[in-house]
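One structure is given below, encoded as structure tokens.
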Amino acid sequence: MPIYEYRCKDCSKKSTVVTLSVKSSVVPKCKKCGSSSLEKIVSRVAIFRSEESRLESLADPSKLAGLDENDPSSVARWMKKMGKEMGEDLGEDFDQTVEEAVEETERAKNGEGEGGAGGEDI
């Protein structure tokens, strides 16, 4: 089923029209104001990739560009990017957990561990 999107020239709102086939003639009307003065706009598309295709993409050395394994923030950005690339739902708290790990690493690096200001163990 083709989905077409239009922007109203009168009220600037976007309307979506679903048709049963490509051959169906579409006479779109704005769902907000009812105007027929619409212009077709380019819709966002989703590309479905196989797991094999995603894994091949991850093996590309260019995916490691900008990664500094000594910088927790850089590693965190890379982890988020790879999670999205895999298309896996890593859970609502994944980004928050990564950020907390980065903050904890930064505190430890600056000598602000849980043992107090100096981070010394007793």
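Computed from the coordinates by the stated procedures, all read-outs in this text should not be read as laboratory data. It should be emphasised that the depicted structure is a prediction, and the values quoted were computed from it without experimental measurement. Virtual Cβ from ideal backbone geometry, glycine too; neighbours counted across all protein chains shown.
Quick one, what does Rg over Rh come out to for region 51-109 if you take C-alpha atoms and the Kirkwood Rh?
Details: Rg = 12.7 Å, Rh = 12.4 Å.
Expressed as Rg/Rh, it is 1.02.
Treat the count of other C-beta atoms within 10 Å as a stand-in for reagent exposure and order ILE3, ILE47 from fewest to most. Could you put the intermediate results ahead of the total?
Values: ILE3 9, ILE47 5.
Least crowded to most crowded, the residues run ILE47, ILE3.
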**Study point:** Sparsely packed chymotrypsin sites (Phe, Trp or Tyr not before Pro) within region 1-108, loop by DSSP, other Cβ within 10 Å at most 10
**Key:** PHE48
